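Everything below concerns the one structure shown next.
The values are calculated or read from the model by the stated rules, or taken from the named source; none is laboratory data. Just so you know, these numbers come straight off a predicted model, no measurement behind them. Ideal geometry is used to build each Cβ from the backbone, glycine not excepted, and the neighbour counts take in all protein chains shown.
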Amino acid sequence: MSRVHSSNNFDAVRLLAAGMVLCSHQFALTARSQTFMFGRMTLGTVGVLVFFSVSGYLVALSWDRDPHVLRFAAKRLLRIWPGLAVVTLVAACLLGPLVTTWNLADYVRSPLTRDYFSQLYFSIQQYLPGVFEHSPFPIVNGSLWTIPIEVRWYGVLLLVGACGLLRHSLRGALLGLVCAYAVYIYLVYDVQHNPDAGLFHPGFGCEYGSFFCYGAALFRFRETWQRHPWRLLAALVVLGTILAACGYGYAALYVLLPFVVIRVGTWSTPVLRRCGRFGDFSYGIYIYAFMVQKTLVQWLGTHQPYAVGLFLAVVFTLPFAVLSWYLVERPALGLKRHLPGTGASATNVSSPSAAGAALVNAAPATHAGGVAVMSTEPDA
């Protein structure tokens, strides 16, 4: 499968988001304090919100190109599941036996080991027997818990699309639903101040879907905002300032972040647009970095300087991300060409999508942030 690099900045945006999550986890896993915005948000949280914003935009684009329920579901599964399946096997069958404090026979027979494979159907498990058990966070892979949330919102978008609400003629109704949901999350439920939405509480991460919805709405209204992006940005800055002044800083971030992320992503900027020319490594970085960092901390301790630990984490994570792309993710994406009803135009180019990544279907020339580009917007 030949790979045509996309003429936009989404590769760079996703890599930045993955890097933000990695940097934030390096603080937490080495018992270092980090800045919390609005009482609950770390740099890693912002990175995840970037992923969800991009995902909403690109997954809506995918539905727009091929609004077929079964093919849409199959494409989403091919993007997310193979990487998740392999990282689950690596954790349970390689990392676990290597670092566990249990003897191998007990490790293999443990119900915790058996239960860990429930991740194969998106039921994320945090523990393996004897693995990192003396760590302050005895979690095997603390990044994976967002994947079921992502998959859930794929399902919501599929349902909305199947009901016709992603049609151009009904985009007003879509915007109304997105705004209503945002009002509920940020003003009624008040995610910023609600203790149930705190870390390790049942509502933690409930706002991620609102960023996904915002991204999807930006796709549906792209012709409108791309004509006057700076006017819209100015209006959003005013609204965000008012919200922040009223004590709703998280709502202000919601108002501004997705638009800025999608605006930058749709630009075609020299250097940035070439970030994915060797492959999309953002998903691999996201799903492997935490395990790599935990292993390094277990072997080296927490006393090395932050910069040294971060450098080692990047050096040891990148090979896993590269192998994940070339041996797992890209071959899985190639299977999309075999889906019934898939046109030949969608079979010969590939590029990443959000929180994951995906194929780029050949398409007519389009405009990214006012810059004409050829057939290269990612199909999430």
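Things to note:
- Hits in the stretch 188-212 - residues which are of a type in the set (A, V, I, L, M, F, W, C), modelled with pLDDT of 90 or more, within 14 Å of Ala251 (Cβ to Cβ) and assigned to a helix (DSSP H, G or I): Val188, Phe211
- Qualifying residue in the stretch 170-178 (condition: part of a loop (DSSP other than H, G, I, E, B) and free of Cβ contacts under 8 Å to residues at least 40 places away in the same chain): no
- Within the stretch 148-185, restricting attention to residues that are touching a helix residue (DSSP H, G or I) at 6+ places or on another chain (Cβ under 6 Å) and under 30 Å from Leu29 (Cβ atoms), the residue that is surrounded by the fewest Cβ atoms within 10 Å (Cβ to Cβ) is Ile149.
- Among (1) crowded, with 20+ Cβ neighbours inside 10 Å; (2) part of a loop (DSSP other than H, G, I, E, B); (3) not aliphatic (A, V, I, L, M), the one test that Tyr250 misses: (2)
- Counted residues, the stretch 57-111 - those being more than 17 Å from the chain's Cα centre (by Cα), of a type in the set (A, V, I, L, M) and buried (at least 17 other Cβ atoms within 10 Å of the Cβ): 7
- Qualifying positions in the stretch 310-335 - more than 16 Å from Ile285 (Cβ to Cβ) and in contact with a Leu (Cβ under 7 Å, 6 or more places away or on another chain): Ala332, Leu333, Leu335
- Residue check for Tyr121: aromatic (Phe, Trp, Tyr), exposed (fewer than 15 other Cβ atoms within 10 Å of the Cβ) and over 17 Å from the mean Cα position of the chain (by Cα): yes
- Among the residues of the stretch 22-34, those that are in a helix (DSSP H, G or I) and in contact (Cβ under 8 Å) with a residue 40 or more places away in the chain comprise Leu22, Cys23, His25, Gln26, Phe27, Ala28, Leu29.
- Candidate set from the stretch 260-311 (those that are in contact with a helix residue (DSSP H, G or I) (Cβ under 6 Å, 6 or more places away or on another chain), in a helix (DSSP H, G or I) and aromatic (Phe, Trp, Tyr)); member that is farthest from Ala28 (Cα to Cα): Tyr283
- Sole residue being closer than 18 Å to Gly265 by Cα and either touching a Cys at 6+ places or on another chain (Cβ under 6 Å) or of a type in the set (Lys, Arg) (or both), chosen from Arg40, Arg14: Arg14
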